[in-house]
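J.: Have a look at the structure that comes next, please.
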Amino acid sequence: MSESQDFLLNAKNLRISVYISLAIGNMLFGALYPESILVASCGFAFFTALALVNLRPEDTEKNDSGKKLVRIDK
């Protein structure tokens, strides 16, 4: 039970779960109200994109913008 609580307490996992739920909700909205399919598809695309952005792995090696390498070929 502790593992499931740790999963939900993680802010990133909670955000992903909410975005996926909203994407599915928009998909169901489009199925129930075909006259609003454009609104539903835009909402589905938006929340799917947010979920995919949050699923992206974090960069462990961040580039330092202060250090620039200059290559000189002779």
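J.: Whether any residue in the stretch 36-44 is modelled with pLDDT of 90 or more and surrounded by fewer than 12 Cβ atoms within 10 Å (Cβ to Cβ) is what I want to check. Lay out the reasoning, then the answer.
T.: Within the stretch 36-44, the first condition is being modelled with pLDDT of 90 or more, and the residues that meet it are 36-44.
Among the residues that remain, those that are also surrounded by fewer than 12 Cβ atoms within 10 Å (Cβ to Cβ) are: 38.
Taking every residue of the stretch 36-44 in turn, at least one turns out to be modelled with pLDDT of 90 or more and surrounded by fewer than 12 Cβ atoms within 10 Å (Cβ to Cβ).
J.: Do we have ASN63 as open to solvent by 100 Å² or more (accessible area, probe 1.4 Å), at pLDDT below 95 and polar (S, T, N, Q) here? Write out each step before concluding.
T.: Numbers: open to solvent by 100 Å² or more (accessible area, probe 1.4 Å): yes; at pLDDT below 95: yes; polar (S, T, N, Q): yes.
Yes: the conditions hold for ASN63.
J.: Would you call ASN26 open to solvent by less than 100 Å² (accessible area, probe 1.4 Å), at pLDDT below 95 and of a type in the set (S, T, N, Q)?
T.: For ASN26, the condition - open to solvent by less than 100 Å² (accessible area, probe 1.4 Å), at pLDDT below 95 and of a type in the set (S, T, N, Q) - is not met.
The values are calculated or read from the model by the stated rules, or taken from the named source; none is laboratory data. A quick note: this is a predicted structure, and the numbers were derived from the prediction, not measured. For neighbour counting, all protein chains shown are included, and Cβ atoms are generated from backbone atoms with ideal geometry for every residue, glycine included. Heavy atoms of the whole protein, side chains included, go into the accessibility calculation; ligands, DNA and RNA do not. Shrake-Rupley method; radii C 1.70, N 1.55, O 1.52, S 1.80 Å.
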